[in-house]
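Comments concern the structure below.
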Amino acid sequence: MSAGQRGVAELRGVTLTIDGRTLLSEVDIAVRPGELVALIGPNGAGKSTALSVLAGDVTPDSGTVTIDDRPVARIRVQELGRLRSVLLQQKVVSFSYPVRDVVAMGRMPWASTAGDAGDDEAIVAEALARTDTTHLADRDVTTLSGGELARVSLARVLAQRCSIVLLDEPTDALDIGHQEQVLALAAGLAADGAAVLAVLHDLNLAAAYADRIVLLADGAVVADGSPRDVLTGERLSAVYGHPVETIDHPVTGALLVLPVRASGPGSPSKGGHSQRVRVP
Ligand code: ADP
Ligand code: MG
């Protein structure tokens with residue numbers, strides 16, 4: 001592997017069974033430098049489990065989990081913390097710390113390392129700025145709103161400065177403006193050469209920002225490809241158990257994903273769909 005390839009995280013044929021339930025079945029997922037991969041799928045599909053396995057935090061029953069072709073199980077925790085950062089789905093904090101100190105915890109894997117560490121204070125300040133949380137720096141982290149805490153948690157991940165970034169529902173609890181900001185940030189990390197995997201529920205965010213989409217259902221990969229290849233009305237309707245349509249934005253041509261809804265107060269005409277949208 002060439003030096004430019006640093007930061008490939010890969011699951012191959014991963015199966016995980018807990019208490020007789022198969023949570024992951026022969027799962028292949030790879031994320032490479034320069035790409036933002038969206039991991040999507042219904043509740044309980046196994047997205048968080050797959051992310052934990054990829055992070056090296058959960059060991060599967062079979063299959064391989066590697067970072068740059070090295071089995072993650074053989075990488076020490078401290079080094080793992082310099083290779084990959086993880087934003088967990090449950091963004092909980094149980095102790096009163098100033099936000100700045102929580103973000104600075106992202107620097108811990110770099111403590112007493114020579115060279116790469118950089119200026120911790122400047123890195124923390126930059127992470128706060130990029131997540132729009134500079135004004136919260138002196139606040140007690142336990143007093144934050146859900147959306148503020150989600151952004152501070154992301155700032156800690158950014159401060160870790162890893163070439164592999166794993167984000168579990170990073171836009172959970174965020175308003176529409178901050179959702180766009182966070183996805184633009186994730187896409188920017190990928191553009192700068194990071195390998196970024198983000199679990200997303202909003203299929204329009206996935207369509208707009210992901211280079212590639214992996215669709216998981218019942219612990220198995222159903223589709224893996226470009227947004228247009230993966231996000232078809234037929235496939236999404238089957239996987240999510242609700243009719244879903246895709247249309248092209250009338251002006252920009254961007255792919256849009258919409259649930260099919262019965263007519264209601266918000267629809268232009270009563271009596272159902274007056275005009276069917278095209279399902280490719
Ligand atoms: P997702 O993130 O896609 O919503 P998860 O990966 O969190 O799904 O969970 C997948 C399935 O595995 C769910 O049905 C969940 O209840 C189950 N599960 C997750 N962790 C465990 C565990 N430690 N023991 C038993 N079942 C679990
Ligand atoms: Mg989850």
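The values are calculated or read from the model by the stated rules, or taken from the named source; none is laboratory data. This structure is a prediction, so every number in the text was calculated from the model and none was measured. Positions of Cβ are generated from backbone atoms using ideal geometry, with glycine treated the same way; all protein chains shown enter the neighbour counts. Note: accessible area is taken over every heavy atom of the protein model, side chains too, but ligands, DNA and RNA are not part of it. Shrake-Rupley method; radii C 1.70, N 1.55, O 1.52, S 1.80 Å.
Rounded to the nearest 5, what is the percent of antiparallel bridges among the DSSP beta bridges in region 9-231?
Restricted to region 9-231, the bridges split so that about 55 percent are antiparallel.
Run the accessible area of the chain with a 1.4 Å probe and give the carbon-and-sulfur part as a rounded percent.
Details: 7120 of 13870 Å².
C and S fraction of accessible area: 51 percent.
So, with +1 on the Cβ of K and R and -1 on the Cβ of D and E, and no other charges, what is the size of the charge dipole of region 137-214 about its Cα centre, to the nearest 20 debye? Walk me through the numbers on the way to the answer.
Values: 5 positive and 11 negative charges, 52 e Å.
My answer is approximately 240 debye.
Could you tell me, in Å, what Rg and Dmax come out for the Cα atoms of the chain?
Both quantities, over Cα of the chain: 19.9, 68 Å.
Run the dipole for region 171-221 about the Cα centre, Lys and Arg Cβ at +1, Asp and Glu Cβ at -1, nothing else charged, and hand back the magnitude in debye, nearest 20.
140
Calculate the dipole size of region 93-187 relative to its Cα centre from +1 charges on Lys and Arg beta carbons and -1 charges on Asp and Glu beta carbons; express the result in debye to the nearest 20.
Working: 7 positive and 15 negative charges, 30 e Å.
For this selection, approximately 140 debye.
Give me the accessible area per residue for region 129-280, probe 1.4 Å, as a whole number in Å².
Working: 7200 Å² over 152 residues.
With the other protein chains kept in place, region 129-280 gives 47 Å² per residue.
Taking N as the number of residues in region 1-65, what value does Rg over Cα atoms divided by 2.2 N^0.38 Å take?
Working: Rg = 12.6 Å, N = 65, 2.2 N^0.38 = 10.7 Å.
Working it through for region 1-65, the quotient is 1.17.
Once you treat every alpha carbon in region 122-200 as an equal point and sum by Debye, what is log10 I(q)/I(0) at q = 0.13, 0.14 Å⁻¹?
-0.35, -0.41
How many angstrom lie between the Cα centre of region 207-232 and the Cα centre of region 1-74?
Here the two parts' Cα centres lie 15 Å apart.
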